[in-house]
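Asker: What follows is a single structure, and I will ask about it in a moment.
The values are calculated or read from the model by the stated rules, or taken from the named source; none is laboratory data. No experiment lies behind these values; they were computed from the predicted model shown. A quick note on method: Cβ atoms are made from the backbone with ideal geometry, for glycine too, and the neighbour counts reach across all protein chains shown. Keep in mind that these areas ignore ligands, DNA and RNA; they rest on the heavy atoms of the full protein, side chains included. Shrake-Rupley method; radii C 1.70, N 1.55, O 1.52, S 1.80 Å.
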Amino acid sequence: MSEQNQISRREILKLGSAGALGLAGSYLLNMFPPLTPSVQAQTNHKNHGNVNHDHQMIHDSTKTAGYQMAEKLLTEFDYGKVSTLPNGQTLREYTVVAIDKEIEIAKGIKFPGWTYNGTIPGPTFRCTEGDLLRFHFMNKGSHPHSIHFHGIHPPEMDGITPIAPGQSFTYEFEANPYGLQLYHCHVLPLARHIHKGLYGNFIIDPKTPREPALELNMVMNGFDLDLDGENDFYTVNGYAFAFMNHPIKVKKDQLVRIYLSNFTEFDLINSFHLHANYFSYYPTGRADNPSQFTDTIMQCQGERGIIEVKFPYKGKYMFHAHVSEFAELGWMGFFEVE
């Protein structure tokens, strides 16, 4: 990449805070070659630099379209169209459409995403262990895509075969095993298809229901606007500082259950740190896995788990990535305990 084509994150943010960036994410992402920066990002030493986001962006309280997407994804679960088969087994059918769509990832800053059902991350699919699942996938995007589900299923349902634009395919398998699973596109180059937004959480509930709780869905991710292999924003559910500006409200002593996963591209790990409290963490969302009682956990890409926590005092509890730059570039928020 020539010096003439390079643009710093600080310049991007100056444009954004002036309200001039708008669709510049799309412009920037399309003015650079699509593959070389991805390769370099995986092999070269990372140096994100010392960048602070505009003060107004961090403390902006308007409910933009991007914020509304992140808020909706926090508590919305897609249980599919439910019916019962002749053998008594529950059948769940889901419709999944891959579409190209610009997503607001911070106030006034839009990213040219590849999406499942129009959001980044995609919808959180939910079912119960043993259900028969049918995912009716239609590719209305501009590139070949697929859906690769984590879990146990026949190889022919593994989602490694590209589905061409305009084509469709139905993935069918039994939900197994219970826990927090994932799904994402598995078409090469993987870094590009994942970074552009084709991923989401996939919850398989145990047959014996978990204890009732306030349940929240959080997907950690990042956005590289200029394809230099370094993320310019880090978010939960796709919008920078979403839950800092609008704290997540919970009740004192209420059980809170967080389905947390990491789909950050170009960085080896991401993390979750909670202030002034400890939580129980269950890797892959299984009670039979060794758990931790801690205030900080790390996840590599594709790693996931369930956080369960109660807040003993009223007030605001900050949560964020325990990599300072990730937090300053958008990955931080608050729980407000009432």
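Asker: Is it the case that residue 200 is touching a Phe, Trp or Tyr at 6+ places or on another chain (Cβ under 8 Å) and over 18 Å from residue 73 (Cα atoms)?
Answerer: So residue 200 does not fit the description; no.
To keep it simple, each residue is scored yes or no on (1) buried (at least 23 other Cβ atoms within 10 Å of the Cβ); (2) over 13 Å from the mean Cα position of the chain (by Cα).
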{"position": "210", "(1), (2)": "no, yes"}
{"position": "225", "(1), (2)": "yes, yes"}
{"position": "231", "(1), (2)": "yes, yes"}
{"position": "244", "(1), (2)": "no, yes"}
{"position": "251", "(1), (2)": "no, yes"}
{"position": "270", "(1), (2)": "yes, no"}
{"position": "274", "(1), (2)": "no, yes"}
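Asker: Okay, next question. Can you pull out every residue in segment 257-268 that is at negative phi and open to solvent by 10 Å² or more (accessible area, probe 1.4 Å)?
Answerer: Within segment 257-268, 265, 267, 268 qualify.
Asker: I would also like to ask the following. Going through segment 290-310 one residue at a time, which ones are in a loop (DSSP other than H, G, I, E, B) and either closer than 20 Å to residue 200 by Cβ or open to solvent by less than 50 Å² (accessible area, probe 1.4 Å) (or both)?
Answerer: Hits for segment 290-310 are 295, 301, 302, 303.
Asker: While we're here: So, in segment 95-137, of the ones that are among the acidic types (Asp, Glu) and in contact with a Lys or Arg (Cβ under 7 Å, 6 or more places away or on another chain), which residue ends up least open to solvent (accessible area, probe 1.4 Å)?
Answerer: Across segment 95-137, the extreme among qualifying residues is 131.
Asker: Determine the pairs where a residue that is farther than 18 Å from residue 190 by Cα and modelled with pLDDT of 95 or more, located within segment 152-172, has a partner that is part of a loop (DSSP other than H, G, I, E, B) and acidic (Asp, Glu) with Cβ atoms under 9 Å apart, the partner being 6 or more residues away or on another chain.
Answerer: As it stands, the answer is 171/158, since those pairs meet every condition given.
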